[in-house]
Amino acid sequence: MNDVTPEFILLALVVVTALAFDFTNGFHDTANAMATSIATKALTPKAAVTLSAILNLVGAFLSVEVAITVTNAVIRIQNTDGSPRAELMADGGHGLLLILMAGLAGAIIWNILTWLWGLPSSSSHALFGGLIGATVASMGWGGVKWVGEGYKLDGVVGKVVLPALMSPAIAILVAMVGTRLVFWITRKVAARYQESGFRWGQIGTASLLSLSHGTNDAQKTMGVITLALIASGWWTDTAEIPLWVKIACAVAIGSGTYIGGWRIIRTMGKGLVEISSPQGMAAESASAAVILTSSQLGFALSTTHVCTGSIIGSGLGRKGATVRWGVAGRMGLAWLTTLPLAGLVAAALWWLGHAIGGSTGAFVVFGIMCAAAIYMRWHSKRDPISHHNVNDEWSDSKDDTEVDVPVSGGVR
Amino acid sequence: MEQFLAALDGSWRVLAIGMLLGAGLPAVFALGLRALSWGTGHDVAPDGTVAVVRPHPLGRVVAYLMFTFVVLAVLVGITYIALHGLGWTITFNGAVPVLTHK
């Protein structure tokens, strides 16, 4: 058991890939909490990512709630108690590990691609999409729980599709009303007081968002890693997550957040709406309230969709402010395509890994993922965005030629 | 169809509570800012001379009451996040948050 067997190598690859996904999840979502604070200069870019990273790290440790059944919402690879299905446990869990490997790789590739385009897409959708794709490839359409039963929201429709349609609308409404109220109440307040006062409010709400992100998103990866450990026989307790997994996931999501997805921060902070401090605070309060309320009520929704909706709402709520609907439309397109395209990539990777077979197949999948990541990283150098130029004026023409073309051209 | 109805049911709850907290709390914060600047609005006289008008002390008291309220609400939010994972949840007995075991 303790020898370096092919199964152990496969497990190690899955764990590394899961941590890499957690890292992309971190930088992909820095923008959700911090884009508006950076755009209104409530915080310097470096201070913002540092604060957010620390709170994500802390948040990840707070999420001790059992997350092992995370995949149960959309696919049927686990029993209700969290243990993997018996038929996937053969050969040291090879079947399950390959599904997780391909699913995570598909999610990572899609996350990096949307980062390259500067589009905030949901990391949870990418993860679920990847897992669904790999599961369909491996077990057929029946392996996926498409629609939940009765009035309990479950399955792909209940846990992913419907909340994704509803949550931006809710956030837009709340942020719009909040922005309107805030501007109306402070209309006679000197601009100096307005700006400085609301900046403090922004820092508070942004911190709240970062903390809740750490608790929500890190535990998804913890669940996936623990599932892989159980499948390969290295862990048996379905009610507890190993401490080293918690530490590794917390560090991965925190460091990802610290790296900062500057391309996405720029789109959300400067591209959608020219945002002022009162709008920023209204948007962030709306996001925090909607996210915390829905998690209290057990209504699963994506942080990314809520935060983007809130920013659009803050633009609609301020008289004279404009929303760049072209940018918003591209985001909408990315949201619609995240789940199916991450799924397609994952399915293709699963077929390839399965056709080659053994741990060689998994290595090839891992290699393709690394190559794709390095290529896209290299490609991003042509048009670098960092904390130096994240707040530069937004220019639509430049943006259109560089971002529109790849979106309409589909996935490369 | 049942899934759709369930989602609608969840949505209006999130919308109602989200509106109360997400739009209400910034509004309270804004009222605080307005109270804080009470009396400072007219520091330039019509003839152009600048008169320094000190903020009203009562405005300051009201402002800090409002800010305290908002900070308390945020602290409840943080407590919720922190304790949710430990198997506790916050229920609202009237308006007072109470911690209960799930």
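Stokes-Einstein diffusion of the range A:1-42 at 10 °C, 1.306 mPa s viscosity, Kirkwood radius from Cα pairs, rounded to a whole number: 124 µm²/s. What separates the Cα centres of the range A:134-154 and the range A:327-366 is a distance of 18 Å. Measuring spread by the Cα atoms of the range A:165-314 yields a radius of gyration and Dmax of 18.6, 66 Å. For residue A:159, the lysines whose Cα falls under 28 Å of its own Cα, not counting residues fewer than eight places away in the same chain, are A:145, A:220, A:246, B:102. Buried area at the A:B interface is about 3700 square angstrom, summed over both chains, from accessible surfaces computed with a 1.4 angstrom probe.
Each part gets one Cα centre, and for the range A:187-266 versus the range A:7-36 those centres are 11 Å apart.
Solvent-accessible area per residue in the range A:6-407 equals 35 Å², computed with a 1.4 angstrom probe and all protein chains kept. With respect to chain A, whose longest principal axis is taken over its alpha-carbon atoms, helix A:6-39 is tilted by about 10°.
Remark: accessible surface ordering of B:28, A:251 (largest first) is A:251, B:28, probe radius 1.4 Å.
With each run of n ≥ 4 DSSP H residues scored as -39500 (n - 2.57), what mean residue ellipticity at 222 nm is computed for chain A after dividing by its residue count and rounding to the nearest 500 deg cm²/dmol? Provide the component values of the computation, followed by the final result.
Details: 14 runs with 281 residues, N = 412.
Roughly -23500 deg cm²/dmol at 222 nm, from the helical runs in chain A.
Rounded to the nearest 10 square angstrom, residue B:56 shows an accessible area of 80 square angstrom against a 1.4 Å probe.
Can you tell me the 0 to 90 degree angle between the C-alpha axis of helix A:45-62 and the longest principal axis of chain A, rounded to 10? Roughly 50 degrees, rounded to the nearest 10.
How large is the Kirkwood hydrodynamic radius of the range A:245-366, in angstrom, based on all distinct alpha carbon pairs?
17.4 Å
Taking amide H atoms as placed 1.01 Å from N in the peptide plane, the amide H of residue A:75 lies under 5 Å from those of A:145, each 5 or more residues away in sequence or on another chain. A Förster distance of 35 Å, applied to the separation of the beta-carbon atoms of residue B:4 and residue A:333, puts the FRET efficiency at 0.90.
How much length is gained on full extension from residue A:46 to residue A:319, taking 0.36 nm per residue of separation minus their Cα-Cα distance?
95.1 nm
Expressed as a whole percent, the proportion of Cα-Cα pairs in the protein assembly as shown lying more than 42 Å apart is 19%. Compared with the dominant Cα axis of chain A, that is its longest principal axis, helix A:162-185 is turned about 20°.
The values are calculated or read from the model by the stated rules, or taken from the named source; none is laboratory data. Because the structure is predicted, anything quoted here is derived from the model rather than measured. Virtual Cβ from ideal backbone geometry, glycine too; neighbours counted across all protein chains shown. Surface accessibility is based on the protein's heavy atoms, side chains included, excluding ligands, DNA and RNA. Shrake-Rupley method; radii C 1.70, N 1.55, O 1.52, S 1.80 Å.
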